[in-house]
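Reviewing the structure listed below.
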Amino acid sequence: MREPLHETLQVQRGETEATLQPLRLGERVRSLRLGQGLTLEEASKLTGLARSTLSKIENEQISPTFSVVHKLVNGLGIDLPQLFSEPSNSAQPSGRRDITRRGEGKPHPTATYEHELLATDLSHKKMVPFTTRVRARAFGDFPEWIRHDGEEFLYVLSGAILFYTEFYEPVRLEAGDSAYYDCTMGHMLVSVSEEDAEVLWVTA
């Protein structure tokens with residue numbers, strides 16, 4: 001079997017915990033952080049690691065312990081292999097593409113929403129994009145919370161909505177505002193502008 005490009009992970013056992021010393025780990029951490037557009041301060045808040053600790057890791061001044069690696073992986077939202085391997089340059093583009101012209105999406109009306117499904121010619125998508133005209137005008141218009149698997153990104157295109165979620169107070173969102181949330185948490189939208197609000201949803 002062909003050896004990987006990155007150096008085999010070496011583990012050194014200390015008195016209390018092992019430390020990891022992969023090839024250019026600091027460079028990889030910095031690349032992943034910058035790839036997400038995060039500052040050191042933002043990454044610090046996400047990972048729970050001190051800004052100075054992250055800086056030392058990125059500058060190869062310290063080797064992270066297993067618990068620190070765990071915080072990096074969870075905080076940056078990556079898989080462990082991503083941290084210890086360089087991005088592959090051999091991946092070939094699949095050539096998948098779908099264009100939906102304005103107003104040519106697949107309509108899917110409900111009692112509270114008027115959805116327009118986008119990119120419907122592609123199967124097995126990792127994301128499901130759609131726009132919605134929010135017809136609902138009150139919380140009581142919904143017989144129960146809407147919930148489903150996955151995560152969702154919401155962006156208000158026009159008008160204003162009241163965004164209800166199961167574990168938070170309702171929040172007003174206007175054109176240009178957005179939200180990202182866990183779809184297993186009950187959620188729903190109602191229009192609070194004079195006209196029905198329009199939103200873009202991307203579900204993954």
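Taken together, the values in this text are just the output of simple stated rules run on the coordinates, not laboratory data. Keep in mind that what you see is a predicted model, and the values were worked out from it rather than measured. We place every Cβ from the backbone using ideal geometry, glycine too, and count neighbours over all the protein chains shown.
What distance in nm lies between label points placed 7 Å from Cα along the C-beta direction at GLN36 and ALA204?
So the label points at GLN36 and ALA204 sit 1.1 nm apart.
What is the spin-label model distance, in nm, from ASP149 to HIS70 if the labels are put 7 Å beyond Cα along the C-beta direction?
In this crude label model, ASP149 to HIS70 measures out at 2.7 nm.
What are the trypsin sites (Lys or Arg not before Pro) within the range 100-184 that DSSP puts in a loop, where the Cβ has at most 11 other Cβ atoms within 10 Å? Kindly include the intermediate steps, with their values, before the conclusion.
On the way: sites: ARG101, ARG102, LYS125, LYS126, ARG133, ARG135, ARG137, ARG147, ARG172; in loops: ARG101, ARG102, LYS125, LYS126, ARG135, ARG137, ARG147.
Loop-located and lightly packed - ARG101, ARG102, LYS126.
Dipole magnitude of the range 104-204 about its Cα centre, charges +1 at Lys/Arg Cβ and -1 at Asp/Glu Cβ only, in debye to the nearest 20?
Dipole about the Cα centre, nearest 20: 180 debye.
Within the range 114-132, what residues put their amide N at less than 18 Å from the label point 7 Å along the Cα-to-Cβ vector of ARG97?
Counting only backbone N, you get 119-123.
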